[in-house]
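Note sheet for the following structure.
The values are calculated or read from the model by the stated rules, or taken from the named source; none is laboratory data. Please read all numbers here as calculations on a predicted model, not as lab measurements. All Cβ positions, even for glycine, are placed from backbone atoms using ideal geometry, and neighbour counts span all protein chains on display. We work out accessible area using only protein heavy atoms, side chains counted, and drop any ligands, DNA or RNA first. Shrake-Rupley method; radii C 1.70, N 1.55, O 1.52, S 1.80 Å.
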Amino acid sequence: MQLHRLRDFWNARSLAAQFLVAGGLVSVAAMVIIGVLVTNLIQDSVTRNSAATTARYVDSVIAPLLPDMQRSKVLADPVKRALDETLGQGALGNRLASFNLWSRDGTILYSKDKTLIGKRFELSDDLQAAFKGRLVADFHRSADRTGEVGVVGGSPLLEIYNPVLQPWSGDVVAVSEFQEIATDFERDLLRARAWSWLAVATVISGFFLTLSAIVFRGSRLIDRQSQALRERVAELLDLVAQNKALRLRVQRASQRTTALNERYLRRIGADLHDGPSQLLALAALKLDSTALTDASAASEAREREVLAIKSALEEALREIRSICHGLVLPHVEAAELPEILQLAVRTHERRTGTTAALSMSQISHSLSPSEKICIYRFVQEALNNSYRHGGGIGQAVMQTADAGHITVEVSDNGHGFDPANVHSEGLGLAGLHERVESLGGRFEVISSKRGTKVRMSLDIEEVEPV
């Protein structure tokens with residue numbers, strides 16, 4: 001569980017933070033490993049080179065003093081005195097802390113410490129390696145090697161095991177062990193280590209900082225792109241939801257429009273049946289009256305029948321024209337919004353003999369033909385309903401526009417009604433609602449005892465021209 005929380009915490013960090021932590025740990029580990037490796041290599045190399053130089057110097061001074069070590073297993077007193085004089089004076093004497101000459105059996109043939117001469121010890125690993133012909137060197141502080149043969153305390157020492165070779169055969173006949181006081185060597189080695197660590201730290205730090213700058217820049221770019229992508233996805237999800245809602249609205253509007261078309265057809269049929277059809281039927285009956293068919297009928301009766309027939313036909317013709325006038329749409333596609341509103345209001349005033357106030361504002365967008373037709377039919381039907389149900393009292397049409405929205409409101413001062421009690425089979429308000437909603441607009445009815453307001457609103461920037 002703890003590991004799971006740790007993983008979640010780690011995954012919640014940004015890529016830059018993850019790189020900073022992981023890269024920092026790896027860089028520190030790499031710096032330590034490389035630094036230790038490089039300093040150890042430098043120490044080994046410097047130690048070997050310094051030991052080889054010192055060994056060659058000692059060989060050039062000591063080797064000529066030694067007898068044939070294969071024939072003689074001990075050193076004569078003159079040889080010892082010569083070694084004492086050589087090792088006790090000059091540059092070599094000042095630098096040597098100890099000197100031992102070992103035979104192959106572990107006997108010390110000569111030593112600056114006279115108490116060790118002639119004693120026999122177990123050969124160490126370094127001595128055994130030297131008797132195999134290999135130069136062995138080791139740098140240490142004498143306090144770390146206390147207890148070894150010939151070790152003195154208190155100074156940094158360069159311990160060297162140098163094989164002594166027989167000149168003509170090249171065989172190892174003895175090993176010279178000497179410890180050089182390495183104060184200068186230690187100082188140079190510390191300086192080399194410090195420069196090595198500084199170089200490694202500088203290179204790795206520069207490399208890490210360069211990569212960090214690149215990663216931080218990439219991380220910021222990724223974060224910005226991720227944020228933009230999330231915002232874009234959110235916008236797309238909103239658009240998908242809106243499109244789904246609009247699709248459902250259009251489907252419902254299409255279904256209701258189909259039903260409304262059928263109701264319109266039935267209403268037209270009912271208007272024709274109840275109006276012109278009845279008048280034409282009356283005229284047909286009048287044609288069969290005795291006043292017209294009986295030649296002996298009085299001329300006054302015949303004239304009355306003819307006038308009645310003429311009046312019925314004229315009335316039927318007026319009603320047919322009125323029905324046609326309501327069905328035929330004037331040419332509004334090429335007209336501007338003020339002309340459309342004025343045409344709808346003036347036509348209503350001529351037909352009903354009432355007056356309607358008109359208020360308009362400027363719009364900055366052109367309207368599509370479908371929008372123009374919708375607005376004309378809205379004003380036409382709303383004024384008809386106002387005249388029919390409100391008596392045409394205080395009729396007014398007001399158009400406003402604001403930031404891509406256009407609103408048209410038709411109001412009156414009639415007695416009002418309850419919109420919730422409007423019969424669902426009615427054609428006026430239902431037709432207006434479906435017409436406005438089919439264009440993505442909003443339809444609203446507000447009614448009280450002081451009057452009624454019917455309002456429509458369109459987002460004219462969102463509607464594509466049809």
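Structural remarks
- Built amide H within the under 5 Å cut-off of residue 107, gap 5+: 121
- Long-range amide H partners of residue 394 with built H, under 5 Å: 413
- Per-residue HN-Hα couplings for the range 25-42 [Karplus 6.51, -1.76, 1.60; θ = phi - 60°; Hz; x = Gly/Pro]: 4, 5, 5, 5, 4, 5, 5, 5, 5, 5, x, 4, 4, 5, 5, 5, 5, 5
- Computed with every protein chain present, the accessible area of residue 53 is close to 80 Å² [probe 1.4 Å].
- Here's how it looks for residue 447: its modeled amide H is under 5 Å from those of 453, which are all 5 or more places away or on a different chain.
- List 374, 324, ordered by accessible area with a 1.4 Å probe, largest first: 324, 374
- FRET efficiency for residue 336 and residue 201, using Cβ-Cβ distance with R0 set to 56 Å, rounded to 0.05: 0.10
- By accessible area with a 1.4 Å probe, ligands and nucleic acids excluded, highest first: order of 112, 310, 449: 449, 310, 112
- The accessible area of residue 237, taken with all protein chains in place and a 1.4 Å probe, comes to roughly 110 Å².
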